[in-house]
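Asker: Pasting a structure below so you can have a look.
Here, each number is a calculation from the coordinates, and none is a lab measurement. Computed from a prediction, not measured in an experiment: that's the story for all the values here. Glycine gets a Cβ as well: all are built from the backbone with ideal geometry, and neighbour counts include every protein chain shown.
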Amino acid sequence: MAESKKSETLSQKQANHGKKDTAHLIVHATPVRLELVSQRAYQIFEERGCVHGFDVEDWLEAEKQLIAESLN
């Protein structure tokens, strides 16, 4: 069992190799932030042609885009 935890940790390290460390970022769910994410998610929804069923994916993509923009 200890070996599987060790290999998972190694796999995680390998998967994260070369990625920018964003662990220091703290993102607070303020009303303004939620509104920005909501607007961006809706924009993504519209760009896809208003296809329903991707609300979680749109929300996560919106957060990802906004965080990336704030890092630049």
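Asker: What are the residues in region 44-72 that are surrounded by 13 or more Cβ atoms within 10 Å (Cβ to Cβ) and not aliphatic (A, V, I, L, M), if any?
Answerer: Scanning region 44-72 gives PHE45, PHE54, GLU57, ASP58, TRP59, GLU61, GLU63, GLN65.
Asker: Among the residues of region 46-72, how many are assigned to a helix (DSSP H, G or I) and among the β-branched types (Val, Ile, Thr)? I'd like the intermediate steps shown before the answer.
Answerer: Of region 46-72, the ones assigned to a helix (DSSP H, G or I) are 46-47, 55-71.
Remaining after also requiring among the β-branched types (Val, Ile, Thr): 56, 67.
So the count comes out to 2.
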